[in-house]
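Note sheet for the following structure.
The values are calculated or read from the model by the stated rules, or taken from the named source; none is laboratory data. This structure is a prediction, so every number in the text was calculated from the model and none was measured. We place every Cβ from the backbone using ideal geometry, glycine too, and count neighbours over all the protein chains shown. SASA here: full protein model, heavy atoms, side chains in, ligands and nucleic acids out. Shrake-Rupley method; radii C 1.70, N 1.55, O 1.52, S 1.80 Å.
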Amino acid sequence: MVSLSVTIKAIDESNLEDEALLCVPSRESPQYSKFEKGVKDKAEWLRQKMKEYGYLGHIAYDSDGKPLGFIEFIPSKGAPLPVEEAEATALITCIYLPKAPHGQGIGTNLLKATLRQLWKIGVCQVKTLVSRSPHWINDGIYRKHGFQTEKTFYKVGNPEPLDLLTLRLDGPQPRIETVTQHLRPKLRNALPVEVLYFHSAQCPFNSAVHINHVNAVAKFSKELVTLKTIDSWKEPETAKRYGSMYSDTFINGKSPFFAPPKQEDIENEIQKEINRVSQLKQRS
């Protein structure tokens, strides 16, 4: 129990959907229909991941039983991230507190509950990927609990760094020299412009984002643009090579978006790339 009569519960078969619904507009919202498939996909993804550890994380509930936020973790083995795979390493994929009152320690209690649970099931090392953007979960909550920066990633065409943090659970923390890695997939300077969308059921928001990609590409002829959708979890090595970070968009090998893009944003970036490649062809 934490302040304000908040209860922390482990994620299990009975409350899988509670987590998924925290990520999307409410069912009463006219926007919900865009995310309904994503909620179902997320619940099934959680169900499959539960088989690997038996645990997925925790959800915080208020005194009326309404979910406030959650923390989620998975094994590093088979994850579509450029990190080493190890049986005793877990990845915290998300802390999200959309309904939680600020400053009440709910995120901290979710993290503590999860670290205790991971230790009980034999996990020796925990990692997480965070942004430096103030609009996303950054390293603040993790630093307070001893996490260190292990690696900083930069993707082609995107100046926003992503930091990989790490924490040992089985002994003293080693001194870590932070490494910087620039992820460099092969870039294309040709038409048709290749749009790769790394879809992940891990985020229920992705169903709506996928529709944005389909609709954006449909605005152009097939001679100018192609779209390929890749399941990050079914093709993890491809995702690692690009640094897809669960879900991402690459346009001719560049990653122009940090947040999930709107349709018009995708259209604008495609047009910029068409113009760039066309100018290159004129010069050659």
Problem - Only one of 252, 215, 268 that is within 22 Å of residue 38 (Cβ to Cβ) and at pLDDT 95 or above - result: 215
Practice task
Considering each of 31, 48 in turn, give the residue that is within 21 Å of the chain's Cα centre (by Cα), open to solvent by 40 Å² or more (accessible area, probe 1.4 Å) and under 30 Å from residue 215 (Cβ atoms).
Solution key: 48
Exercise for the section: Could you look through the range 1-28, keep only residues that are modelled with pLDDT of 90 or more, in a helix (DSSP H, G or I) and open to solvent by 30 Å² or more (accessible area, probe 1.4 Å), and pick out the one that is nearest to residue 108 (Cα to Cα)? Expected result: 18
Exercise for the section: Those residues that are farther than 25 Å from residue 96 by Cα and either open to solvent by 60 Å² or more (accessible area, probe 1.4 Å) or small (Gly, Ala, Ser) (or both), I need them from the range 207-223; list them, please. Expected result: 214, 215, 216, 218, 219, 221, 222, 223
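Given the criteria open to solvent by less than 30 Å² (accessible area, probe 1.4 Å) and in contact with a Cys (Cβ under 6 Å, 6 or more places away or on another chain), does residue 204 qualify?
Details: open to solvent by less than 30 Å² (accessible area, probe 1.4 Å): yes; in contact with a Cys (Cβ under 6 Å, 6 or more places away or on another chain): yes.
So residue 204 fits the description; yes.
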Handout entry: Selected residue [in contact with a helix residue (DSSP H, G or I) (Cβ under 7 Å, 6 or more places away or on another chain), among the hydrophobic types (A, V, I, L, M, F, W, C) and open to solvent by less than 10 Å² (accessible area, probe 1.4 Å)] from 111, 97
Key = 111
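How many residues does the range 81-124 contain that are in a helix (DSSP H, G or I) and of a type in the set (Gly, Ala, Ser)? Explain how you work it out, then say what you get.
If we filter the range 81-124 for residues that are in a helix (DSSP H, G or I), which is where we start, we get 106-120.
Cutting the leftovers down to of a type in the set (Gly, Ala, Ser) gives us 107, 113.
Qualifying residue count, the range 81-124: 2.
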Exercise for the section: Filter the range 154-173 down to the residues that are in contact (Cβ under 8 Å) with a residue 40 or more places away in the chain and among the charged types (D, E, K, R), then identify the one that is surrounded by the most Cβ atoms within 10 Å (Cβ to Cβ). Expected result: 155
Handout entry: Pairs, first farther than 7 Å from residue 247 by Cα in the range 197-209, second among the charged types (D, E, K, R) and open to solvent by 10 Å² or more (accessible area, probe 1.4 Å), C-beta under 6 Å, six or more apart
Key = 201/41; 207/37; 208/34
Problem - residue 230, sole failed condition from (1) closer than 24 Å to residue 153 by Cα; (2) among the aliphatic types (A, V, I, L, M); (3) crowded, with 22+ Cβ neighbours inside 10 Å - result: (3)
